[in-house]
1. Which residues' amide hydrogens lie under 5 Å from the amide hydrogen of PHE14, considering only partners 5 or more residues apart or on another chain, with H built in the peptide plane?
2. When the accessible area of segment 1-70 is computed with all protein chains present and a 1.4 Å probe, what percentage of it is carbon and sulfur?
3. Could you work out the pair-distance distribution P(r) of segment 29-70 from its alpha-carbon pairs, with 5 angstrom bin width and percents rounded to whole numbers?
4. Counting pairs of Cα atoms in segment 1-71, how many percent are more than 14 Å apart?
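The values are calculated or read from the model by the stated rules, or taken from the named source; none is laboratory data. Source: prediction; values computed, not measured. Side chains included, ligands, DNA and RNA excluded: accessible areas come from the protein's heavy atoms. Shrake-Rupley method; radii C 1.70, N 1.55, O 1.52, S 1.80 Å.
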Amino acid sequence: MRGSDAGRKIEIHFCPDCGSSVFWYAELYADMVGIAFGTFADPSMSRPTLSVWEQTRHPWVSFDHQLERFTVQPKIDDRDLERLIHGAANVRN
């Protein structure tokens, strides 16, 4: 358990073999589970659509496609969150 930059709690679960973060629970979105994209070994999986915390990204991490980039955690409202989770085409007006 650790705190976020906003002071909220984040519970991160790690791989017992290699120590990589696998999934996490965030106090702000208590009904959701965050999953580290790199834990999937399926090459047919969709590419990430956004990158957060670019200011602390390692220089060897790169993307060869267009995506939204955020220097730090963006402030999002419920409608923005719905778009991120389900895609803009599935958001009800």
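1. The answer is VAL22.
2. Working: 3130 of 5690 Å².
About 55 percent, which is the carbon plus sulfur part of the accessible surface.
3. 5, 15, 24, 28, 18, 8, 1
4. On the way: 1753 of 2485 pairs.
Cα-Cα pairs of segment 1-71 separated by over 14 Å account for 71 percent.
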